[in-house]
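Beneath this line is the structure, given in structure tokens, with notes to follow.
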Amino acid sequence: MVAEGHPTDLVKVIHLLMLSFSWGMQAWVSLIAGVVLIQQVSRHTFGIVQSKLFPAYFYCLIGSNLCNLVIYAAYHPRDLLDWHRDVQMLLYIGALITACLNSQWFAPSINMLMFQTRKVEKEHGLGGQIGLFIPREGYEKLKERDSKYRVIRSKFDIYHRVSILCNLIGFIGTTINLIYTALNLATI
């Protein structure tokens, strides 16, 4: 192995590619693809697309975040870290943990709950609307009439919000690490 703190050019390139891959994928999936897709397909179709896309997305994040963490840890041993590098290490770990939580717990739970709500909504003629801002009255009335739907929808909303928060935490961590890496290219 190369001396600690001195990665080869290949390792530097791999690290930058993985970091860029993570950030670009998170930016696209989190900020662009969802907004574009929701304006083109029905709510139920959007849910099906996400149920197929998100497992691959989260596993790719796990792989790239793990690669980034391993490379960073190998060339920045704990005894050589200052507080800046401690924070950077914590951000790599946080991004990995949040991707793992999403892939192993939140995404499967959200998918299960989404298919349950989809079934009830379809029975009541809901879910076929297209667009980001759809009328909510039908869904609110269904919540009032159907206690089972209300419970499922409430659980879905909670899991979905926590999943979004995890994704946001991972995205912020990756963004900060990418910025820090860009500002310190000579030392990666």
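Quick note: the coordinates plus some simple rules give every number you see, no bench work behind them. Worth saying up front: this structure is predicted, and the values here are computed from it rather than measured. Here the Cβ is made from the backbone with ideal geometry for all residues, glycine too, and neighbour counts use every protein chain on show.
Some points to look at:
- Spin-label proximity, Leu165 to region 91-114 - amide N less than 14 Å from point 7 Å beyond Cα toward beta carbon: 98, 102, 106
- In angstrom, the C-alpha Rg and Dmax of region 10-58 are 13.9, 45.
- All Cα pairs of region 100-153, percent lying beyond 19 Å: 36 percent
- Whole-Å distance, taken between Cα centres, linking region 169-188 and region 52-128: 18 Å
- The per residue volume of the convex hull around the alpha-carbon atoms of region 54-136 is 125 Å³.
- When only the Cβ of Lys, Arg, Asp and Glu is charged (+1, +1, -1, -1), the dipole of the chain relative to its Cα centre reaches about 900 debye.
- When only Cα pairs below 8 angstrom with a gap of at least 6 residues are kept, the chain shows a relative contact order of 34 percent.
- Listed options for Rg and Dmax of the Cα atoms in Å are [x] 20.3, 67; [y] 16.1, 49; [z] 20.4, 70. The value calculated from this structure is the one marked [x].
- Of the residues Thr181, Thr117, Ala107, the one whose Cα sits farthest towards the positive end of the charge dipole of region 106-188 is Thr117 (charges of +1 on Lys and Arg Cβ, -1 on Asp and Glu Cβ, taken about the Cα centre).
- 11 Å beta-carbon shell around His44, net charge (K/R +1, D/E -1): +3
- Taking 37 °C and 0.692 mPa s as conditions, region 5-92 diffuses translationally at an estimated 219 µm²/s according to Stokes-Einstein applied to its Kirkwood radius (Cα pairs).
- Estimated translational D of region 99-188 in µm²/s (Stokes, Kirkwood radius over Cα pairs; 4 °C; 1.567 mPa s): 83 µm²/s
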